[in-house]
Amino acid sequence: MSTTKKYSTVASALRSFVALVAVLSLVVCVVGPTPEARALTVDKTTAQPNQSDGNQIIGGVPTRITWEATVGDDEEIKEIHLVFPAGTTLGEGANTKATVLDGLARLETPQENTITDEGTVIDFAEPVASGLLIRVEIFYVALPAESGHYTLTGRYVDGEGTERELEESPAIAVISVTVVESITQWLDEQPWVEWWNSQLFLRVFFNPQLIVASVPTLFQGWLRSLGLVLVGFPLAIPIGLAVSFLRMARFRIVRFFASIYVNVIRGTPLFLQIYIAFFGLPFLGVSIDSYLLGILVLAMNSSAYLAEIFRAGIQSIHKGQFEASASLGMNAVQTMFSVILPQTVRRVIPTATSEFILLYKDTSLLAAVGVMEQMMFAKSMVASSGNMTPYIVAAGYYLLVTLPLTKIIGSFEKKLAAAEGHSSEPPDKKKKRKRLQKTEDAPSDSFAPPHDNFRRGNGLMGPKI
Amino acid sequence: MSDHHEVTDKAVVRIQNLHKYFGSLEVLKGVDLEVRRGEVVTILGPSGSGKSTLLRCINLLEKPTGGEIWFEDTCITDPNTNINEVREHVGMVFQSFNLFPHLSAKKNVMLAQRKVLKRSNEEAERIALEQLAKVGLSDRSEYMPSQLSGGQQQRVAIARALAMDPHVMLFDEATSALDPELVRGVLDVMRELAEGGMTMIVVTHEMGFARDVADRAVFMDEGIIVEQGLPEEVFDNPRHARTRDFLGHII
Ligand SMILES: Nc1ncnc2c1ncn2[C@@H]1O[C@H](COP(=O)(O)OP(=O)(O)OP(=O)(O)O)[C@@H](O)[C@H]1O
Ligand SMILES: [Mg+2]
């Protein structure tokens, strides 16, 4: 605990120091005298991105730092001392290598280098002549784990043996190491992971490091896919219900148009519908947010399926229910909402939940038109990693929703069968009793096949909506 | 003979020359029937003779093809009549009970009171419990239909119809779906109802009930009323061969 505290104090002190230096150098730049020609001008300082699925530099994880400087006119350089920012650590096999370049030509430069976690020293056997570029590469060095901008400082020794301060080098932006990165790093060092990844199949589909990296990234996609279906599906319910009413309407023409809606949507691929909506609407000058449009297309598609589910559900309700309601003087709307729909809901929950699952899986089709959802996230991770593992993780996320729902459907169906089979017993008394099996028109418990006698015939009992 | 309740002169249901076709099948071939306030009429006849169809025409569950039906001062076959208003006053009990399976016994009795008669929740509940008590089911008011025996379900169905304060009750083979030991309870309720002065049209195969409770027995065959009269006359001295045939088979 105390070490962490001390560490963060040091880090924050360092950060304010860096800030101070930055401000001071700015002041120097603006108001100070123009700096005299230097013996060594720092050209660049960079670090190689070491993020597993990105292009940033993370602290605490070994990287390669490249530092370049040009030797000034009439100067020679014998030694360079680079000082690492506090908190820098060395990875295994850390070393420093300097290359001297004359234009594009690489010059033979014997050198003797040392490296510690404080810094590195490059000692050239022969002084490096003026006008040459010195490129120092420091391998397997880990910048501080705390995020921030870090600079290399130091000194150099010129041809005359004078030691001079190095000018401030450009800062390297470092982001702090995340849980994922530290786990990934830990995995990198495990022998079993090494063995695992030496198996082609396991490496390509079940790469442990990529699993760890995919889980948090794809979580974003998972949320977005869930969002699509959690908004789209509830939207589809009232539309589907309305269409199912129209499908059973008294007027032929209304039924006709409702059936066209249902049959066209169910008879064409959702993929095609998505294309028509996403590429067709812009032609009409309509521009809708693609996520919203995705929801609308999904809702419309699902409403056609739900309409049929609801219709079958309503028509599976025994006609005696309509007659009993009618005989009590209830009108069509009262009958529908107080008697028929409450019974229908319980019957359609399993099929409607299956439809929910289908729709949830179908959100993936929206990847084709660039809606950010699970597939898009997985695809881009696969593209950047060249590995199938993110797809496997995406599959896991889909199953996370679909498997429990499938299980729920199963148990609900069982419960429903028990309830509709009249097998439940009175709250207080257990008593054997018979069902009305002798009745020729005993209420049907079966969901299918739906009979539609309330639409045909006298038209008195059917929903008149 | 039932002299325990009063039959008035006022007609509650009047059927004139009623015809009903199902497609090309003529099921009712000109039926005339008048039922007066307080009267208990039982309709007998072989299967397929059109008894149910006749009963269902009275509250327009079936739409008559021809003829007229009057309920009190309303011609219900007039297309301008709001049939739901008529149905409020015409109770019907079905062979298959047709309770609402998602509602408890009490809620079954309350629903139409609330929706159709717009009674307050408290009033509907009070009346529901009253009616359930009348059919002997006070202790079953919170049960779901699936937890009740057929006989109990049918009694709830009767309570449900009675809660609407009907002017006439139609019974279509109310006991045919029941196990023999459960029939009695339902018949007792119907008998009490008759004694209480309810106007009733009862399609039944229960000859004992028809004979004891009814003021009039109507025998139907092949879509017409073959003969009608006091139950003991029809049962003991049938004038028509078809009636004799039918009764011979049953009794
Ligand atoms: N909805 C219908 N569509 C077509 N035919 C029907 C319909 N309802 C009844 N029928 C026919 O009408 C005739 C009379 O039927 P109804 O149910 O009125 O007879 P019922 O006297 O009540 O017989 P049961 O004693 O068997 O109940 C029968 O031949 C029957 O098949
Ligand atoms: Mg019948």
B:K20 fails exactly one of the following numbered conditions: (1) open to solvent by less than 60 Å² (accessible area, probe 1.4 Å); (2) away from chain A (no Cβ under 11 Å); (3) among the basic types (K, R). What is the number of that condition? (2)
Please enumerate the residues belonging to region A:146-205 that are open to solvent by 70 Å² or more (accessible area, probe 1.4 Å), under 18 Å from A:R64 (Cα atoms) and modelled with pLDDT under 85. none
Within region B:147-156, residues being open to solvent by less than 20 Å² (accessible area, probe 1.4 Å), touching a Ser or Thr at 6+ places or on another chain (Cβ under 9 Å) and farther than 23 Å from B:A194 by Cβ number 0
Among the residues of region A:160-176, which ones are closer than 18 Å to A:F84 by Cα and in a loop (DSSP other than H, G, I, E, B)? A:L166, A:E167, A:E168, A:S169, A:P170, A:A171, A:S176
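So that you can scan it fast, the table gives a plain yes or no per residue for (1) within 13 Å of chain A (Cβ to nearest Cβ); (2) more than 15 Å from ligand 1 (Cβ to nearest atom); (3) buried (at least 19 other Cβ atoms within 10 Å of the Cβ):
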{"site": "B:N59", "(1), (2), (3)": "yes, no, yes"}
{"site": "B:C75", "(1), (2), (3)": "no, yes, no"}
{"site": "B:P79", "(1), (2), (3)": "yes, yes, no"}
{"site": "B:F97", "(1), (2), (3)": "yes, yes, yes"}
Cross-chain or 6+ apart pairs with Cβ under 6 Å, region B:150-175 first and on the phi > 0 side of the Ramachandran plot, then open to solvent by less than 10 Å² (accessible area, probe 1.4 Å): B:E173/B:V203
Going through B:V41, B:V13 one at a time, which residue ends up being in contact with a helix residue (DSSP H, G or I) (Cβ under 8 Å, 6 or more places away or on another chain), open to solvent by less than 20 Å² (accessible area, probe 1.4 Å) and either more than 14 Å from ligand 2 (Cβ to nearest atom) or within 14 Å of chain A (Cβ to nearest Cβ) (or both)? B:V13
Residue tally, condition open to solvent by 10 Å² or more (accessible area, probe 1.4 Å), within 7 Å of chain B (Cβ to nearest Cβ) and in a helix (DSSP H, G or I), over region A:324-350: 4
Checking the condition open to solvent by less than 30 Å² (accessible area, probe 1.4 Å), within 16 Å of ligand 2 (Cβ to nearest atom) and not hydrophobic (A, V, I, L, M, F, W, C), which residue from B:G50, B:G30 passes? B:G50
Is it the case that B:V109 is open to solvent by less than 20 Å² (accessible area, probe 1.4 Å), touching a Ser or Thr at 6+ places or on another chain (Cβ under 7 Å) and more than 16 Å from ligand 2 (Cβ to nearest atom)? no
Being closer than 21 Å to A:F356 by Cα and crowded, with 17+ Cβ neighbours inside 10 Å is the filter here, so list the residues in region A:238-254 that pass it. A:I239, A:G240, A:L241, A:V243, A:S244, A:F245
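Of the residues that sit in region A:364-421 and are more than 14 Å from chain B (Cβ to nearest Cβ) and among the acidic types (D, E), which one is nearest to A:Y291 (Cα to Cα)? Walk me through it before giving the result.
To start, the set of residues in region A:364-421 that are more than 14 Å from chain B (Cβ to nearest Cβ) comprises A:364-414.
Next cut, among the acidic types (D, E) only: A:373, A:413.
Values: A:E373: 9, A:E413: 34 Å.
Looking at the filtered set, the residue picked out is A:E373.
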Can you tell me which of A:K97, A:K78 is open to solvent by 20 Å² or more (accessible area, probe 1.4 Å), under 14 Å from A:T120 (Cβ atoms), charged (D, E, K, R) and in a strand (DSSP E or B)? A:K97
Tell me whether region A:305-315 contains one or more residues that are touching a Leu at 6+ places or on another chain (Cβ under 7 Å) and either more than 14 Å from chain B (Cβ to nearest Cβ) or on the phi > 0 side of the Ramachandran plot (or both). yes
Answer with yes or no whether B:A124 is buried (at least 19 other Cβ atoms within 10 Å of the Cβ), more than 9 Å from chain A (Cβ to nearest Cβ), more than 16 Å from ligand 1 (Cβ to nearest atom) and over 19 Å from B:L193 (Cβ atoms). yes
In this structure, does B:L117 turn out to be more than 16 Å from ligand 1 (Cβ to nearest atom), open to solvent by 10 Å² or more (accessible area, probe 1.4 Å), hydrophobic (A, V, I, L, M, F, W, C) and within 11 Å of another protein chain (Cβ to nearest Cβ)? yes
Which residue pairs have Cβ atoms closer than 9 Å, lie 6 or more positions apart in sequence or on different chains, and pair a first residue in region A:27-56 that is closer than 30 Å to A:W186 by Cα with a second residue that is modelled with pLDDT of 70 or more and open to solvent by 80 Å² or more (accessible area, probe 1.4 Å)? A:P49/A:N55; A:P49/A:Q56; A:N50/A:Q56; A:D53/A:S384; A:G54/A:S384
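Give the residue, chosen from A:I288, A:I274, that is closer than 18 Å to A:A367 by Cα, outside any helix (DSSP H, G or I) and more than 14 Å from chain B (Cβ to nearest Cβ). Reasoning before the result, please.
On the way: A:I274 fails: outside any helix (DSSP H, G or I).
Selected residue: A:I288, the only one of A:I288, A:I274 that is closer than 18 Å to A:A367 by Cα, outside any helix (DSSP H, G or I) and more than 14 Å from chain B (Cβ to nearest Cβ).
Is it fair to say B:L129 is within 30 Å of B:L54 (Cβ to Cβ) and open to solvent by 10 Å² or more (accessible area, probe 1.4 Å)? Quick ask: steps written out before the conclusion?
Values: within 30 Å of B:L54 (Cβ to Cβ): no; open to solvent by 10 Å² or more (accessible area, probe 1.4 Å): yes.
So B:L129 does not fit the description; no.
Among the candidates B:V189, B:V202, B:V183, which residue alone is β-branched (V, I, T) and either open to solvent by less than 10 Å² (accessible area, probe 1.4 Å) or facing another protein chain (nearest Cβ under 10 Å) (or both)?
Details: B:V189 fails: either open to solvent by less than 10 Å² (accessible area, probe 1.4 Å) or facing another protein chain (nearest Cβ under 10 Å) (or both); B:V183 fails: either open to solvent by less than 10 Å² (accessible area, probe 1.4 Å) or facing another protein chain (nearest Cβ under 10 Å) (or both).
Of B:V189, B:V202, B:V183, the one residue that is β-branched (V, I, T) and either open to solvent by less than 10 Å² (accessible area, probe 1.4 Å) or facing another protein chain (nearest Cβ under 10 Å) (or both) is B:V202.
A quick yes/no check of all residues on (1) within 17 Å of B:L55 (Cα to Cα); (2) within 14 Å of chain A (Cβ to nearest Cβ); (3) over 20 Å from the mean Cα position of the chain (by Cα); (4) away from ligand 2 (no atom under 16 Å from the Cβ):
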| position | (1), (2), (3), (4) |
| --- | --- |
| B:E173 | yes, yes, no, no |
| B:R211 | no, no, no, yes |
| B:A217 | yes, no, no, yes |
| B:G248 | no, no, yes, yes |
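The values are calculated or read from the model by the stated rules, or taken from the named source; none is laboratory data. These figures come from a predicted structure and were not determined experimentally. Ideal geometry is used to build each Cβ from the backbone, glycine not excepted, and the neighbour counts take in all protein chains shown. Just the protein is used for accessible areas: all its heavy atoms, side chains included, with ligands, DNA and RNA removed. Shrake-Rupley method; radii C 1.70, N 1.55, O 1.52, S 1.80 Å.
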